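Report on one structure; see the data block that follows.
The values are calculated or read from the model by the stated rules, or taken from the named source; none is laboratory data. Keep in mind that this is a model prediction, so the values were computed, not measured. Every residue, glycine among them, receives a Cβ derived from its backbone with ideal geometry; neighbour counts consider all protein chains shown. Each accessible area value is taken on the protein alone, full model and side chains, heavy atoms only, with ligands, DNA and RNA left out. Shrake-Rupley method; radii C 1.70, N 1.55, O 1.52, S 1.80 Å.
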Amino acid sequence: MARLHDGALMERAAAGLAAAVLDLLGGGYGRRVLLLVGSGDNGGDGLLAGSMLARRGVRVEALLLSDHAHAAGLAALRAAGGLTVREVRDLHPRPDVVIDAIVGIGGRPGLRPAAVEALESFAGVPVVAVDVPSGVDVDTGEVDGPHVTADLTVTFGTHKVAHLVDPAASACGALHAVDIGLDLPEPAVEALQPADVRRLLPQPALHAHKYTRGVVGVRAGSSTYPGAALLAVAGANTGLAGMVRYVGSEAVASRVREAHPEVVGEGRVQAWVVGPGGGNDAAAMLDAARADGVPLVVDADALAHVDGTLPGCVLTPHAGELAGILGLAREEVEARPLAHVRGAADRFDCVVLLKGHRTLVAAPDGLVRATSTGTPWLATAGAGDVLAGLVGSLLAAGLPAFDAASLGAWVHGAAGTRASRGGPLTATTLAGSIPLLMRDLLARQG
Ligand SMILES: NC(=O)C1=CN([C@@H]2O[C@H](COP(=O)(O)OP(=O)(O)OC[C@H]3O[C@@H](n4cnc5c(N)ncnc54)[C@H](O)[C@@H]3O)[C@@H](O)[C@H]2O)[C@@H](O)CC1
């Protein structure tokens with residue numbers, strides 16, 4: 001394929017951007033758009049899109065934030081009747097939308113004072129970011145200083161790390177990707193799509209029986225937290241593995257059997273889930289599970305007892321737990337989640353699943369998958385126990401740890417969104433919706 005010249009790529013990017021803005025505005029004629037324009041090609045995208053919008057009857061003003069602006073973009077905007085100004089006070093005070101074309105993938109983190117002033121002057125007006133919200137660190141998702149918080153981000157070619165990894169991901173608003181025909185490099189961070197999930201999901205072979213489908217064991221719960229055992233078992237007992245075993249005190253085990261009559265007691269397993277609600281028993285649970293030599297999901301109270309490498313296993317901390325394991329402050333993990341989840345995967349030589357708004361799953365070789373499914377309603381007691389059980393069942397079914405963890409996180413998020421339907425949910429309803437979500441997903445297989 002002949003290589004496209006940069007002008008053609010920018011033309012495509014600008015056309016996709018203009019279409020998304022028209023969509024947001026619900027039309028063109030008589031609407032007002034303010035472009036915030038930086039010195040590079042990101043500003044060029046904005047200017048060129050502005051010229052396309054102006055030709056559709058949109059009144060376009062461009063605030064030039066640098067002495068330099070993309071020359072062809074500037075000429076196109078002016079030819080289409082768009083205005084350019086250099087001072088905020090010369091702008092129309094009430095645009096319908098602000099387009100952030102200050103910097104894209106070539107920008108350094110932070111914003112200059114003139115950009116901050118312009119953004120503050122139009123606070124409350126919807127913002128569309130071109131490629132990435134200006135000011136965030138595109139390659140790490142970190143933020144350091146002021147940045148744009150967008151309602152919509154229109155990106156080109158592929159998602160970048162900042163779209164998938166917090167805190168920057170939370171500044172993107174809705175994401176819209178425009179295919180401009182780029183040759184793409186290997187991604188630094190992946191996000192599973194429904195077709196990937198269908199491909200990875202373990203499904204029973206024609207002559208399967210329960211043992212060939214895998215047996216998952218759960219060591220969780222205590223007299224103080226019996227519910228954690230029930231929820232971890234609920235997450236494991238969604239039908240993805242052939243059988244679930246529970247090992248714990250008789251008081252808790254009898255409650256597990258009452259709630260889940262198909263669950264059995266001690267015996268051989270292909271994977272263990274250890275830790276939810278384990279309290280003071282968590283260290284002993286971890287030791288007992290390790291003695292079997294099968295892959296583990298180490299969660300909650302058991303995480304504090306991880307003291308060496310655990311090849312083939314999955315750790316499932318939230319930011320506070322990861323901070324505890326690494327001897328850091330929680331805020332430090334929240335500010336640099338990608339760096340710390342990668343660091344932990346390397347240090348413990350296992351897969352680390354860092355729970356959060358965008359759950360990250362890192363492998364020891366540096367591969368990372370970010371979870372794009374889920375809802376803030378998932379921040380509810382016991383949802384993590386369900387996730388640990390679910391990942392354990394996928395490990396027992398034979399998936400490698402990286403796939404089991406990232407698939408589990410995707411399914412957990414999607415099941416949460418399905419169960420929530422925009423409202424509150426509990427961990428019990430979440431667990432119940434997992435088989436339904438998978439049924440919907442497999443029904444769309446074609
Ligand atoms: N890569 C490609 O093939 C394509 C790129 N396109 C656009 O081009 C963009 C990248 O363009 P560039 O490489 O020119 O870089 P940018 O336009 O992202 O920014 C670089 C410019 O901004 C200045 N700058 C850096 N940090 C700043 C800051 N914090 N505040 C203010 N100014 C700052 C630099 O001095 C430089 O002039 C992409 O994000 C995308 O919007 C599109 O046109 C489509 C094709």
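Structure notes:
- Rg/Rh ratio calculated on Cα atoms of the stretch 150-216 (Kirkwood radius): 1.20
- The percentage of C-alpha pairs in the chain whose separation is greater than 36 Å is 37%.
- Counting only chymotrypsin sites (Phe, Trp or Tyr not before Pro) that DSSP places in a loop and that have at most 15 other Cβ atoms within 10 Å, the longest clean stretch of the chain runs over 212-446.
- Overall, the ratio between the Cα radius of gyration of the stretch 194-443 and 2.2 N^0.38 Å, rounded to two decimals, is 0.91.
- Using a probe of 1.4 Å, the accessible surface attributed to ASP90 totals some 90 Å² when neighbouring protein chains are kept in position.
- Cα convex hull, the stretch 6-178: 96 Å³ per residue, rounded to a whole number.
- Subtracting the Cα-Cα distance of ALA284 and ASP365 from their residue separation scaled by 0.36 nm leaves 26.2 nm.
- In a simple Cβ point-charge model (Lys, Arg +1; Asp, Glu -1; nothing else charged), the stretch 6-178 has a dipole of about 700 debye relative to its Cα centre.
- Rel. contact order, % - alpha carbon contacts under 8 angstrom, at least six apart, the chain: 12 percent
- Probe 1.4 Å, protein heavy atoms only - accessible area per residue of the chain in square angstrom: 43 Å²
- Cleavage-rule hits (trypsin sites (Lys or Arg not before Pro)) in the stretch 160-220: DSSP loop, at most 16 neighbouring Cβ within 10 angstrom: LYS210
- Shape of the stretch 374-446, Cα gyration tensor, a/c cut at 1.5: oblate
- Accessible area in the full protein assembly, largest first, 1.4 Å probe, for THR153, THR309, THR428: THR428, THR309, THR153
- Amide H contacts under 5 Å for ILE99, placed H, 5+ residues apart: LEU34, LEU35, LEU36, VAL128
- Most to least accessible of LEU353, LEU206, LEU367 (protein chains only, probe 1.4 Å): LEU206, LEU367, LEU353
- Carbon/sulfur fraction of accessible area - the stretch 115-223, other protein chains in place, 1.4 Å, %: 52 percent
- Under a model in which nothing but the beta-carbon of Lys, Arg (+1) and Asp, Glu (-1) is charged, the chain shows a dipole of about 1260 debye around its Cα centre.
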